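The structure appears right after this line, and notes come after that.
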Amino acid sequence: MFDQIELGREFFEMLMAVDEQILEHAAAGKCRFCGGPLHRGDFVRKPRGGIVAAAGEIFSRRFSLCCGREGCRHRATPPSVRFLGRRVYLGAAVIAASVIALAAATARACQRTTGISAKTLRRWLRWWRGPFTTTAVFVELSSRILPGISLATLPTSLLAQFAGDASSRIGALLAWLTPLTTVSSPDGSRFVRSLALGATTSAFTQKMA
């Protein structure tokens with residue numbers, strides 16, 4: 001199932017719609033520093049997708065908020081299913097290319113298939129097997145589905161636990177990763193992660209219907 005991963009424009013349009021729902025929820029709250037109102041403060045990024053997620057590069061606007069109270073102006077960037085923290089590459093590219101890297105016969109073949117350097121792919125695989133396993137996200141995931149997870153084959157072993165085609169499974173994992181995508185917003189909470197999971201599941205269920 002994971003040997004041919006196609007992430008087209010429709011996939012990223014659905015992810016953008018999920019990010020919009022997360023933004024709407026976050027905008028209804030208040031600044032965590034002063035209690036002031038939150039106003040839109042989007043900014044443009046220059047995301048990379050390599051070959052596997054090239055269609056996502058045009059969706060470059062990172063939804064964000066900032067406090068509207070004079071003297072505060074703290075930024076509150078909500079979680080995202082498109083951007084994986086400050087990484088230059090889109091979250092979907094990180095997942096898909098990591099899966100391909102695990103299955104590829106050689107580093108050269110992997111680079112040719114993904115359009116991403118072998119050095120970058122090795123760094124991502126080290127993250128999946130190392131720092132990622134210490135996060136609260138992984139702890140919660142592993143407590144639910146630990147028997148099916150092989151640390152040596154992350155993220156492939158995680159994707160295998162979700163239902164649907166490859167793109168649906170990647171969408172589900174992106175929703176789980178939302179708490180890791182921002183440090184400036186309290187909406188990296190379990191509630192917002194659940195919101196992302198619900199919205200993502202609904203979007204892909206409609207796609208497959």
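Rule-based calculations on the coordinates, nothing more; no lab input. All values derive from a computational prediction rather than experimental measurement. All Cβ positions, glycine included, derive from the backbone under ideal geometry; neighbour counts span all protein chains shown.
Of note:
- The slack between ALA54 and HIS74, meaning 0.36 nm per residue of separation minus the straight C-alpha distance, is 3.9 nm.
- About its Cα centre, region 25-149 has a charge dipole of approximately 360 debye under the convention of +1 per Lys or Arg Cβ and -1 per Asp or Glu Cβ, with nothing else charged.
- Here the relative contact order of the chain, from alpha carbon pairs under 8 Å that lie six or more residues apart, stands at 24 percent.
- At full extension, VAL88 and ALA107 could sit 4.8 nm farther apart than now, given 0.36 nm per residue minus the alpha carbon distance.
- The shape of the chain can be summarised by an equivalent ellipsoid whose semi-axes, obtained from the alpha carbon gyration tensor, come to 29, 18, 17 Å from longest to shortest.
- Cleavage-rule hits, trypsin sites (Lys or Arg not before Pro), region 85-143, DSSP coil, Cβ neighbours within 10 Å at most 15: ARG86
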